[in-house]
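Below is one structure, written out as structure tokens, with a few remarks after it.
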Ligand code: SF4
């Protein structure tokens, strides 16, 4: 590793850790919790630089509950950054550089994160940004031209350092000025993990994160849940996307019902219900809890409510003697009622449907123009962990 290079900030003040004020940093790093982001931070930490990892959290990625664990086992400084609404807005308007194979807007995502990180630099007295990208690791989104596009669009070309693949890139101003020792950076490229695992061993990392996963937007199972929320719920909120991750999801036009699959789902739904929502549950036999989403802009008519109660009764139909009406408890506006649903009405009413990924994908194609991803020649065909 290279020699530590003094960093000329906080002059005239009492200096703390590695020559910077206790609450200032040399750089801010995009930190996903993936191996590349850990190694990028460790590489610069080994040069005596103080780096703060920014762990971005949205409804689709981020594990704020793991930050304390990461800090402890990797000896890193990490802080969460809330980008919930930014990412909902990004998906609502449609990413400028298109989606990947599923609902992942990777290029726009990285531009958004870097732009946000750049805005935080003065707050932490930091001079530059760090990202754990590896040239050629992803077939499209980590190509040289895409890396350049991301830096240009986020306006971070002169302040972004990619320590893992720096040897394949032109020296940054931080290297040229001697703030970072280029000889202590790496020249990793390609899809293998051999170099990263070697580095992890050199740094003595006690845990190696698994390579894939982490972003729900890359997963069809999650994306098919998110799509109708994006397209049918007025002003979807982080809570709406949290609800989309629970139980089974049924849609009837703009009406949305979440049905618990088990006790944990039922408890989660009960805990998340607001007074605007409608809660349905069989009281004559055991059955799931169902939450009908209510919010401004979504109106449930009496007929909608009746049909929904019949639908919910259908989940426990086999537990009733033939011909027996179901008793469904409805809580609406914090007031409980009991609805009687005739046996012949119970069942999976055809008006309530579950989205498949194919249906969501078709709607996605219809909604967003096909040439979005071609604006930059970028196609985001790859799947990778967040913020790496
Ligand atoms: S996979 Fe990574 S880059 Fe792509 S959208 Fe998800 S977090 Fe962003």
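The values are calculated or read from the model by the stated rules, or taken from the named source; none is laboratory data. Because the structure is a prediction, the values reported are computed rather than measured. Counting neighbours? That spans all protein chains shown, and the Cβs are built from the backbone with ideal geometry, glycine included.
Restricted to region 112-125, and to residues that are touching a strand residue (DSSP E or B) at 6+ places or on another chain (Cβ under 7 Å) and in a helix (DSSP H, G or I), which residue is nearest to the ligand (Cβ to nearest atom)?
Of everything passing the filter in region 112-125, 113 is nearest to the ligand (Cβ to nearest atom).
Quick one: is residue 133 free of Cβ contacts under 8 Å to residues at least 60 places away in the same chain and either within 14 Å of the ligand (Cβ to nearest atom) or assigned by TED's automatic domain parsing to the domain that holds residue 174 (or both)? Steps first, answer last, please.
Working: free of Cβ contacts under 8 Å to residues at least 60 places away in the same chain: no; either within 14 Å of the ligand (Cβ to nearest atom) or assigned by TED's automatic domain parsing to the domain that holds residue 174 (or both): yes.
It is false that residue 133 is free of Cβ contacts under 8 Å to residues at least 60 places away in the same chain and either within 14 Å of the ligand (Cβ to nearest atom) or assigned by TED's automatic domain parsing to the domain that holds residue 174 (or both).
Name the helices (runs of 4 or more DSSP H) wholly inside region 1-111 in which the number of residues that are at pLDDT below 95 and within 19 Å of the chain's Cα centre (by Cα) is 1 or more. Can you show your working first?
On the way: elements: 35-45, 67-74, 84-93.
So the answer is 84-93.
Mind listing whichever residues of region 156-174 are touching a helix residue (DSSP H, G or I) at 6+ places or on another chain (Cβ under 7 Å) and surrounded by fewer than 21 Cβ atoms within 10 Å (Cβ to Cβ)?
156, 157, 158, 171, listed by residue number.
Here is a list of conditions, (1) at pLDDT below 95; (2) closer than 12 Å to residue 60 by Cβ, and residue 225 meets all of them except one; can you say which number that is?
(1)
From (1) out of contact with any strand residue (DSSP E or B) (no Cβ under 7 Å at 6 or more places or on another chain); (2) within 16 Å of the ligand (Cβ to nearest atom); (3) not assigned by TED's automatic domain parsing to the domain that holds residue 63, pick out the condition that doesn't hold for residue 211.
(3)
For the condition within 16 Å of the ligand (Cβ to nearest atom) and closer than 18 Å to residue 130 by Cβ, what is the one hit in 185, 160, 217?
After applying the criteria, what remains is 160.
Suppose we filter region 331-388 for residues that are under 20 Å from residue 303 (Cα atoms) and at pLDDT 65 or above; how many remain?
Here the count works out to 18.
I need the full set of residues from region 41-57 which are buried (at least 22 other Cβ atoms within 10 Å of the Cβ) and within 16 Å of the ligand (Cβ to nearest atom), in order please.
Listed by number, the residues that qualify are 53, 54, 55, 56.
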